[in-house]
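The values are calculated or read from the model by the stated rules, or taken from the named source; none is laboratory data. Here the structure is a predicted model, which means the values were calculated and not measured. Counting neighbours? That spans all protein chains shown, and the Cβs are built from the backbone with ideal geometry, glycine included.
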Amino acid sequence: MGVMTNTFAVPAADPATATTHFLARLSFETDVSDVYADLTARTPGLVVVDSRGTTAWGQGHLPGAVHLPTAEIAALAAEVVPAGSTVVTYCWGPGCNGATRAALEFARLGYPVKEMLGGYEYWVREGLPVMTDTGLTRRPADELTAPRSTISCDC
């Protein structure tokens, strides 16, 4: 590569290092589409935790999620999350690290845990159903985040 470009200013990692890196990322993270598929399939052992406050929960949350604000995880996790479960945390969206803090709390308690990328924001933007105080609702998919004709980008 004789010509320097922005993309190659730092060379790509060798394939073995890249494999380790990307596998590690996937062990910590999941996405909205995969969580939706697993909640819809009622995957055993999956507990999706909304770590936002009470007002946010009431505004809307994932159907099937449990509400456990980050500050209450240490005290209440054992009551809310069955032993042997794998936890997926979410908060508002990519501009918020609340799901990361919640995942850290679950990890400290010994739970296998992943963070849902995109959070509640991308769940809604992808046109997936949300539960509100008035019942189940959904908005049209934002074509910048998901194809309007399907719930998945098919990636």
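Considering region 66-155, the qualifying strands (runs of 3 or more DSSP E), each wholly inside and each with 1 or more residues that are exposed (fewer than 13 other Cβ atoms within 10 Å of the Cβ) and of a type in the set (A, V, I, L, M), run over 135-137. State all residues of region 45-65 that are surrounded by 12 or more Cβ atoms within 10 Å (Cβ to Cβ) and hydroxyl-bearing (Ser, Thr, Tyr); if no residue qualifies, say none. Of everything in region 45-65, just one residue is surrounded by 12 or more Cβ atoms within 10 Å (Cβ to Cβ) and hydroxyl-bearing (Ser, Thr, Tyr), namely SER51.
Among residues that are in contact with a His (Cβ under 6 Å, 6 or more places away or on another chain) and either at pLDDT below 95 or not small (Gly, Ala, Ser) (or both), ASP50 is included. THR17 - would you say it is part of a helix (DSSP H, G or I) and farther than 22 Å from LEU128 by Cα? Against the criterion (part of a helix (DSSP H, G or I) and farther than 22 Å from LEU128 by Cα), THR17 qualifies.
Return a yes/no flag: does region 137-155 have any residue that is modelled with pLDDT of 95 or more and either within 16 Å of THR30 (Cα to Cα) or in contact with a Lys or Arg (Cβ under 7 Å, 6 or more places away or on another chain) (or both). Looking for residues that are modelled with pLDDT of 95 or more and either within 16 Å of THR30 (Cα to Cα) or in contact with a Lys or Arg (Cβ under 7 Å, 6 or more places away or on another chain) (or both), one finds none in region 137-155, hence no. If you go through region 1-36 and pick out every residue that is among the β-branched types (Val, Ile, Thr) and either surrounded by 11 or more Cβ atoms within 10 Å (Cβ to Cβ) or at pLDDT 95 or above (or both), you end up with 6.
Each row is one residue, and each column tells you yes or no for (1) over 13 Å from the mean Cα position of the chain (by Cα); (2) farther than 19 Å from ASP133 by Cα; (3) hydrophobic (A, V, I, L, M, F, W, C).
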| site | (1), (2), (3) |
| --- | --- |
| GLY64 | yes, no, no |
| PRO69 | yes, no, no |
| ALA77 | yes, yes, yes |
| VAL80 | yes, yes, yes |
| SER85 | yes, yes, no |
| THR89 | no, yes, no |
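Which numbered condition trips up ARG42, out of (1) surrounded by fewer than 20 Cβ atoms within 10 Å (Cβ to Cβ); (2) in contact (Cβ under 8 Å) with a residue 60 or more places away in the chain? Unmet condition: (2). Condition test on SER51, is it closer than 30 Å to THR132 by Cβ, of a type outside the set (D, E, K, R) and touching a helix residue (DSSP H, G or I) at 6+ places or on another chain (Cβ under 7 Å)? Criteria met by SER51.
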